[in-house]
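S.K.: The structure under discussion is supplied below as structure tokens; questions concerning it will follow.
The values are calculated or read from the model by the stated rules, or taken from the named source; none is laboratory data. If you're wondering where the values come from, they're calculated on a predicted model, not measured in any experiment. Don't worry about glycine lacking a Cβ; one is built from the backbone with ideal geometry, like all the others, and counts go over all protein chains shown. In case anyone asks, the SASA skips ligands and DNA or RNA and just uses the protein heavy atoms, side chains included. Shrake-Rupley method; radii C 1.70, N 1.55, O 1.52, S 1.80 Å.
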Amino acid sequence: MNHFVLPSPILEIKDKFTLHAGVQLYVKRDDLIHPVISGNKWRKLKYNIDNCRKNGYDTILSFGGSYSNHIHALAYAGKLFNLRTIGVIRGEEHKILNPTLKDVTEWGMELYFMDRKTYRIKDKDIVLDDLKKKFGNFYLIPEGGFNKEGFAGCTEIRDEIGISFDYICCAAGTGTTAAGLAASLHGREKLLVFPVLKGAEFIQANIHVWLKTGNQHKMEHVHCLYDYHFGGYAKATQELNDFIKAFYNTHNIPLEPVYTGKLFYGLYDLIKKNFFPKGSIIVALHTGGLQGQRGFLS
Ligand SMILES: *Cc1c(COP(=O)(O)O)cnc(C)c1O
């Protein structure tokens, strides 16, 4: 499975809502980049893996929750590129591994469970030094791939889109993907960001961090929609789940309730409310992430 589909496909979808609002909607299918390392997780790993090898490391360590798409993608990439991987997982060890953690251990990732209190200060030297004593030297990727290399990979999405558009939309956890999109906007293109966490006003700042001096005016084209978190990270409602099922039945595109379900729900809510001027061309970025919710649509 060393086959990456890049550039990822883009396709137009139509339904009664897009037709009624008079908008054109395209989906950029980053979920189809790779059968395992899907979506923005490959975008964020790519230059980290390059950098890791360039600097002579043979081990990558990173952090995540027990269903983390990032940890899952990293483990498979480690197997593919012959790198030792260590996953530091938030919280206590479970006697029975969930499907995500079962996969990653099968691919050779070493797991280390960190109590939540320590996990909160995981980026501090005192914690990292301790991890180095346990595992030896390693190349560190911050949780969610929130670093310069992760950002750099996400700046490549915009220019793969071969059509002109007015809006590009994405879900946000750390905002790394959104930052890459923001930095690569052309002209009057606008970015709509749908944070999946409650109280995610930090997203704006996280995006700003990666915009170089001279590029910061692009923040004017970035608009965060804070009302589609459905109660917070990994929280969902029946309404959200019903939306995801209906969307799958209509378009045959799988979504999940943690990220892309919230993005598309929010986007369709805006479409229904005539947020977009008639004639608008909208691109929604499907960031993948289906592994954490296996069986959701079956
Ligand atoms: C990790 C993830 C995101 C969040 O990306 P950020 O760059 O951290 O904002 C969005 N969608 C999916 C499917 C993800 O797995």
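S.K.: Just a yes or no: is a residue in the range 248-268 under 21 Å from Asn98 (Cβ atoms) and more than 14 Å from the chain's Cα centre (by Cα)?
M.R.: Yes: one or more hits.
S.K.: While we're here: Can you tell which of Ala171, Ala182, Ala200 is more than 17 Å from Gly39 (Cα to Cα), of a type in the set (Gly, Ala, Ser) and either more than 11 Å from the ligand (Cβ to nearest atom) or in contact with a Lys or Arg (Cβ under 8 Å, 6 or more places away or on another chain) (or both)?
M.R.: After applying the criteria, what remains is Ala182.
S.K.: While we're here: What number of residues within the range 220-266 satisfy the criterion of being of a type in the set (Lys, Arg) and part of a helix (DSSP H, G or I)?
M.R.: Number of matching residues: 2.
S.K.: Consider the range 25-73. How many of its residues are part of a loop (DSSP other than H, G, I, E, B), among the aromatic types (Phe, Trp, Tyr) and either within 14 Å of the ligand (Cβ to nearest atom) or open to solvent by less than 10 Å² (accessible area, probe 1.4 Å) (or both)?
M.R.: Within the range 25-73, residues that are part of a loop (DSSP other than H, G, I, E, B), among the aromatic types (Phe, Trp, Tyr) and either within 14 Å of the ligand (Cβ to nearest atom) or open to solvent by less than 10 Å² (accessible area, probe 1.4 Å) (or both) number 1.
S.K.: Also, I was wondering about something else. Would it be correct to say that Thr213 is away from the ligand (no atom under 14 Å from the Cβ), in contact (Cβ under 8 Å) with a residue 60 or more places away in the chain and open to solvent by 50 Å² or more (accessible area, probe 1.4 Å)?
M.R.: Here the answer is no, as Thr213 does not meet what is asked.
S.K.: Here is a follow-up. Hey, among Ile271, Ile244, which residue is of a type in the set (A, V, I, L, M, F, W, C), over 27 Å from Gly162 (Cβ atoms) and open to solvent by less than 50 Å² (accessible area, probe 1.4 Å)?
M.R.: Ile244
S.K.: Still on this structure: Looking only at the range 216-227, which residues are more than 15 Å from the ligand (Cβ to nearest atom), closer than 13 Å to Leu267 by Cα and surrounded by 12 or more Cβ atoms within 10 Å (Cβ to Cβ)?
M.R.: Within the range 216-227, His223 is the sole residue that qualifies.
S.K.: Please indicate, with yes or no, whether at least one residue in the range 140-149 is of a type in the set (Lys, Arg) and either more than 16 Å from the ligand (Cβ to nearest atom) or surrounded by 20 or more Cβ atoms within 10 Å (Cβ to Cβ) (or both).
M.R.: Taking every residue of the range 140-149 in turn, none turns out to be of a type in the set (Lys, Arg) and either more than 16 Å from the ligand (Cβ to nearest atom) or surrounded by 20 or more Cβ atoms within 10 Å (Cβ to Cβ) (or both).
S.K.: Might you let me know whether the range 17-24 holds any residue that is in contact with a helix residue (DSSP H, G or I) (Cβ under 7 Å, 6 or more places away or on another chain), open to solvent by 60 Å² or more (accessible area, probe 1.4 Å), of a type in the set (Ser, Thr, Tyr) and assigned to a helix (DSSP H, G or I)?
M.R.: No.
S.K.: Being touching a residue at least 60 places away in the same chain (Cβ under 8 Å) and at negative phi, is that true of even one residue in the range 83-96?
M.R.: Checked against the condition, which is being touching a residue at least 60 places away in the same chain (Cβ under 8 Å) and at negative phi, the range 83-96 yields no hits at all.
S.K.: Have a look at Lys95, Lys79, Lys134, Lys102 and point out the one that is away from the ligand (no atom under 16 Å from the Cβ), in a loop (DSSP other than H, G, I, E, B), open to solvent by 10 Å² or more (accessible area, probe 1.4 Å) and among the basic types (Lys, Arg).
M.R.: Lys95
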